[in-house]
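There's a structure below that I have some questions on.
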């Protein structure tokens, strides 16, 4: 077991197997031999969304943060799928997070910060990244959060 896998175990995080997408895309793509681009992930556990709805209407800020943390775990899962070994992660470069926001909800950075916090918990300084946290009036399947990442791998 590698260092990052051991850290996940310490945090009580178990990564599910990556399921083949139902549509025409891949969960993650390695580019240039050392950059992983993840497809957008949501807050599914065993194939079911843990929450649905708009943040600020159907979900509280805390529920949205839970969804963002779960979505981050799903990003780690597909990074492992693409890299083969999470110890190859040199750095998390970029996080782009969308929040399915009710009118007037403006705390998207607080939601996506749950993802950023997890990246630091798991990868330490390698988990610090550039980030965008934006509002969406709708997200696929009524998920409250969608996140994609760019990660650099060791050669």
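No value in this document is a laboratory result; all are computed from the given coordinates. All figures in this text were calculated on a predicted structure; none of them were measured in a lab. Backbone-built Cβ (ideal geometry, glycine too); neighbour counts: all protein chains shown.
Please build a GNM for the chain, connecting alpha carbons under 10 Å apart, and tell me which residue among 40, 127, 32 fluctuates the most.
Between 40, 127, 32, it is 32 that shows the largest mean-square fluctuation.
Taking a virtual spin label 7 Å from the Cα of residue 3 along the C-beta vector, which residues in the stretch 109-129 bring their backbone nitrogen under 12 Å of it?
Zone members listed by number: 123-127.
Provide the FRET efficiency to the nearest 0.05 for the residue 152-residue 24 pair, computing r from the beta carbons and using R0 = 35 Å. The partial results should precede the final answer.
Values: r = 27 Å, r/R0 = 0.76.
Result of the calculation: an efficiency of 0.85.
What is the distance, in nm, between label points placed 7 Å from the Cα along the Cα-to-Cβ direction at residue 44 and at residue 15?
According to this spin-label approximation, the distance is 1.7 nm.
To continue, here is another question. What percent antiparallel are the DSSP beta bridges of the chain, to the nearest 5?
Details: 19 of 28 bridges.
Approximately 70 percent, going by the DSSP bridge assignments.
Let me know the whole percent of all Cα-Cα pairs from the chain that are separated by more than 27 Å.
Working: 2150 of 11935 pairs.
Of the Cα pairs, 18 percent sit more than 27 Å apart.
Using only Cα atoms, tell me the angle between helix 108-123 and the longest principal axis of the chain; keep it within 0 to 90° and round to the nearest 10.
Approximately 20 degrees, to the nearest 10.
Between residue 121 and residue 61, what FRET efficiency follows from the Cβ-Cβ distance if R0 is 22 Å, with the result rounded to 0.05?
On the way: r = 20 Å, r/R0 = 0.89.
Efficiency, rounded to the nearest 0.05: 0.65.
Taking the 0 to 90 degree range and rounding to the nearest ten, how far is the long axis of helix 61-83 tilted relative to the main principal axis of the chain, both from C-alpha atoms?
Once rounded, the angle reads 30 degrees.
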